[in-house]
Amino acid sequence: MMQQHRYYFLALATFSIAITTTILGFFTTTISAEEIVVDAVVEKYDMATNKSTQNDEADKNIAYDGSDLIEWITSNGGFIHPNTRIGLDPTGQYRGVFVKSVGGEEGGTEEGIEEDELVATIPWDLIVKPNNYDYHGYISPNCDALHEMYHQFQLGDKSKYAPYINYLINQPAGRIPSEWSKHGKELLSKIMKDLPPYNDALHRYERDWIGQCHGEDTPLARQSYFQLTSRDEDGLMVPFYDMHNHSNDPKRLNTVPHKPKKEGRPFTMRAIRDIAPGEQIIISYNRCHPCWFDTKYDDCETRSHGGTDFLFSQFGFVEDHPQFWYIPQYNEEDGLLFDEIRFCLDKDDETGQFVVTRFGDNYSDEEEEIPFDENLEFLKGELDRLLQLEHDLKNDGELMKSMPSYEWDMTWTYQKALVKALKTAIETVEEIFSSGDRNMRRSSEDDDVSSSDDESRDPAHDREDDYDDLEDDSSDDGDVSRNDEL
């Protein structure tokens, strides 16, 4: 659910140097055996992905009310607040979890759900989990969790988690970028280029499940992989909890989860404010990132610290505001990480203007600083490239027909989000420069941004650890984004 895998930059030990350099964005004429396997797997499922994405009417959960799941949870020692319902929003556009409306068929009460009330308690025995659960330690990919999930999918009705597993099996495919068709991935790859989440995010099934976990390649295995990696909480698959949609907007976010610190303890959800009848119950998929706003709930007990790009690659949507953007920069010559651009992007409710509320550190001793001159030039170059791609490709009818409409629309939605973020960051920096605060303007040569440790880094290891580094900042101070969108 709130997926925390650090899959973006993970390099496989079993992959050849040719594959590693390809992942990092460099060109090579060498083709390894692993490369051929990856291409074959992608091609094998290309037609199925197109079909499942284009036929939303095949979604068997479209009218799902969760009554069997709630009965299963509550009859096995769990708790679901009686004022909640699972289903479609009033417009019929997306699924989620809502507070029941007063009267009528829903029969909700006027108080709704009050602040600090329990929304749900999910017993440990109802959580699908790996054999060895570690509250503090998490590895990606979690092969034990992936294999256990696949095993439960194979059991189906015979699984002890059957009400939950059957719900997951009936979920539509094709929403997550790494599930997309060949042409959809190619277009998204052109958009990303040197921007996150990078091309590696488009092949994580092949890399993680087949390459590292040595899983078998079947349609059911593929389905179980994407259900776990888009729904788990640090390797735990928590029924009911993973049906909630996401937003970091303080006006919408109303619930915070607490995962068990030890085996055997329950997973809980609690309201952080009053939630009115008819209101959707919203959680954050990435509460531990540096733009988190509520110091009362900054304990960050999960690895959910990825940015807006992470959510897009993991769930297939672009989140509303506020957003957190994290853009690593690598030397073209050796691929070593030499700097990072981090910033929080929000929208002013009164003016409707987008604003950068905070810049992150750029490999210096300052807690917060504007980007270096080199960073600014990089952002400008990427903005120009994105706008040129839009000019060249967005009206290409043949290209649009080559992929499902969802992939086409979401690619340009992400492109628009990137353009908005880069443009706002550039304008903010230039405004600071023009204000006369020249002390803030400097180049990377003014700081020791390339320590001896940095120079010895393995590029692949850098990319794997990029999101790990964000945990150090986790306590710093539109539309609802959704995992179960129709």
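Can you pull out the residues in the stretch 189-204 that are outside any helix (DSSP H, G or I) and open to solvent by 20 Å² or more (accessible area, probe 1.4 Å)?
193, 194
Would you please name the residue that is farthest from the chain's Cα centre (by Cα), looking only at residues in the stretch 150-171 that are under 17 Å from residue 131 (Cα atoms) and loosely packed, with under 14 Cβ neighbours inside 10 Å?
In this case the residue turns out to be 160.
Would you pick out the residues in the stretch 103-134 that are open to solvent by 80 Å² or more (accessible area, probe 1.4 Å) and either outside any loop (DSSP other than H, G, I, E, B) or under 30 Å from residue 264 (Cβ atoms) (or both)?
If the condition is that a residue be open to solvent by 80 Å² or more (accessible area, probe 1.4 Å) and either outside any loop (DSSP other than H, G, I, E, B) or under 30 Å from residue 264 (Cβ atoms) (or both), then 114, 115, 125, 131, 132, 134 are the ones that fit.
Determine, yes or no, whether residue 416 is modelled with pLDDT of 95 or more, in contact with a helix residue (DSSP H, G or I) (Cβ under 8 Å, 6 or more places away or on another chain) and surrounded by fewer than 16 Cβ atoms within 10 Å (Cβ to Cβ).
Answer is no for this residue.
Can you work out which of the residues in the stretch 205-236 that are open to solvent by less than 10 Å² (accessible area, probe 1.4 Å), of a type in the set (A, V, I, L, M, F, W, C) and more than 18 Å from residue 131 (Cα to Cα) is nearest to the chain's Cα centre (by Cα)?
The selected residue is 226.
Counting only residues that are more than 17 Å from residue 206 (Cα to Cα) and open to solvent by 10 Å² or more (accessible area, probe 1.4 Å), how many does the stretch 176-188 have?
1
Can you say whether residue 36 is open to solvent by 20 Å² or more (accessible area, probe 1.4 Å), part of a loop (DSSP other than H, G, I, E, B) and modelled with pLDDT under 60, as far as the supplied structure shows?
no
If you go through the stretch 390-413, how many residues are buried (at least 17 other Cβ atoms within 10 Å of the Cβ), of a type in the set (Ser, Thr, Tyr) and in a helix (DSSP H, G or I)?
Residues that pass the stated criteria total 2.
Quick one: which of 354, 378 is at pLDDT 75 or above, touching a Leu at 6+ places or on another chain (Cβ under 8 Å) and open to solvent by 40 Å² or more (accessible area, probe 1.4 Å)?
Exactly one residue qualifies, and that residue is 354.
Look through 394, 401 and report the one residue that is over 26 Å from residue 314 (Cβ atoms) and modelled with pLDDT of 95 or more.
It is 401.
Here are some conditions: (1) modelled with pLDDT of 90 or more; (2) assigned to a loop (DSSP other than H, G, I, E, B); (3) open to solvent by 20 Å² or more (accessible area, probe 1.4 Å); (4) under 22 Å from residue 96 (Cβ atoms). Residue 250 meets all but one. Which one does it not meet?
Among (1) modelled with pLDDT of 90 or more; (2) assigned to a loop (DSSP other than H, G, I, E, B); (3) open to solvent by 20 Å² or more (accessible area, probe 1.4 Å); (4) under 22 Å from residue 96 (Cβ atoms), residue 250 violates only (1).
I need a count of the residues in the stretch 265-302 that are open to solvent by 10 Å² or more (accessible area, probe 1.4 Å), modelled with pLDDT of 90 or more and assigned to a loop (DSSP other than H, G, I, E, B).
Looking only at that region, the number is 9.
The values are calculated or read from the model by the stated rules, or taken from the named source; none is laboratory data. In this text, all values refer to a predicted model and were calculated from it rather than measured experimentally. No Cβ is skipped: glycine too gets one built from the backbone with ideal geometry, and neighbour counts run over all protein chains shown. Accessible surface areas use protein heavy atoms only, side chains included; no ligands, DNA or RNA. Shrake-Rupley method; radii C 1.70, N 1.55, O 1.52, S 1.80 Å.
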